[in-house]
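Written out below as structure tokens is the structure these notes cover.
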Amino acid sequence: MRASEIAVTRRQNKATGLQTYNISVAGPENTSITAVEPDAVSGNGFQIVDGGEGDSLVTARGADLANTIGSTSDQLVLYEVTFQGTVSSDDVSLTVHDLEDNNGDSIDTSGVTLDVQQPGEPPFSGGVPGVGAENAPTDIDGDGKFEDVNGDGETDFNDAVDLAFADTTQLSEEQAAALDFDGDGDVDFSDAVELAFTT
């Protein structure tokens with residue numbers, strides 16, 4: 001099952017830009033975070049201070065060190081959290097610890113919202129061309145990569161062998177991205193080798 005993305009957003013509410021934030025996002029205890037991606041600020045301006053990948057909670061803080069975020073009425077995505085599996089809006093909670101504008105004044109936290117986005121349709125409706133399996137491959141760990149190439153519900157060496165013999169010329173762009181395990185933009189034998197070493 002593909003993961004759900006949670007985007008933390010805020011309306012600037014006539015504040016003078018955004019200087020700092022410290023916000024927690026928590027999912028259900030039976031799920032885990034697979035990715036935390038900064039948006040409005042990144043690099044040295046973004047830091048995970050608690051939880052993160054493998055946990056059901058993350059607390060992140062950000063600082064607009066370069067003062068690039070000005071006053072605007074648009075929504076501003078602070079960071080995105082991806083959970084393994086599917087979560088609903090009722091499953092996720094948000095806690096704002098700190099939110100300040102460029103003058104060091106507190107910003108009204110009523111403008112901070114969660115935007116829970118469910119994933120679209122999976123890239124495969126049937127088996128991978130050339131593999132010979134009728135079942136569609138699956139993304140067992142929710143990371144966006146479909147390690148279970150033959151769709152038997154397990155990730156093992158057989159999946160790497162099947163990928164080595166797949167007819168990659170028949171893959172859509174989305175399907176190829178789901179099987180691009182080495183991250184070089186195409187699906188070839190090196191992806192089968194990469195998958196073999198991760199099973």
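Laboratory data are not the source of any read-out in this text; all were calculated from the coordinates shown. Everything numeric here is computed off the predicted structure, so don't read it as measured data. Positions of Cβ are generated from backbone atoms using ideal geometry, with glycine treated the same way; all protein chains shown enter the neighbour counts.
Just need the Rg to Rh number for the chain, please, alpha carbons only, Kirkwood Rh. Each step should come with its number before you reach the end.
Values: Rg = 20.1 Å, Rh = 18.6 Å.
Result for the chain is an Rg/Rh of 1.08.
Would you mind getting me the FRET efficiency between Ser42 and Ala196? Use the beta-carbon distance for r and R0 = 35 Å, nearest 0.05. Provide the component values of the computation, followed by the final result.
Values: r = 33 Å, r/R0 = 0.95.
Here the calculated transfer efficiency is 0.60.
Just subtract the alpha-carbon distance of Asp186 and Asp143 from 0.36 nm times their residue separation and send over the number in nm, one decimal.
Full extension from Asp186 to Asp143 adds 13.7 nm.
I'd like the orientation of helix 189-198 relative to the chain: the angle between its Cα long axis and the longest Cα principal axis, in ° from 0 to 90, rounded to 10.
So the helix axis and the longest Cα principal axis differ by about 70 degrees.
Quick one: what are the phi-derived ³J(HN,Hα) couplings along the stretch 137-145, Karplus 6.51/-1.76/1.60 with θ = phi - 60°, whole Hz, x for glycine and proline?
Listing the rounded values in order: x, 10, 9, 5, 9, x, 9, x, 9 Hz.
Return the calculated 222 nm mean residue ellipticity for the chain, to the nearest 500 deg cm²/dmol, obtained by summing -39500 (n - 2.57) across DSSP H runs with n ≥ 4 and dividing by the residue count.
Details: 3 runs with 25 residues, N = 199.
When only DSSP H runs of four or more count, the value is -3500 deg cm²/dmol.
Using θ = phi - 60° and the Karplus relation 6.51 cos²θ - 1.76 cosθ + 1.60, list the HN-Hα couplings for the stretch 168-175 in order, rounded to whole Hz, with x at every Gly or Pro.
6, 5, 9, 7, 6, 4, 5, 5
Apply 1/(1 + (r/R0)^6) to the Cβ-Cβ distance of Asn30 and Glu134, taking R0 = 41 Å, and write down the FRET efficiency to the nearest 0.05. Display every interim value, and only then the final one.
Values: r = 31 Å, r/R0 = 0.75.
Working from the Cβ atoms, E equals 0.85.
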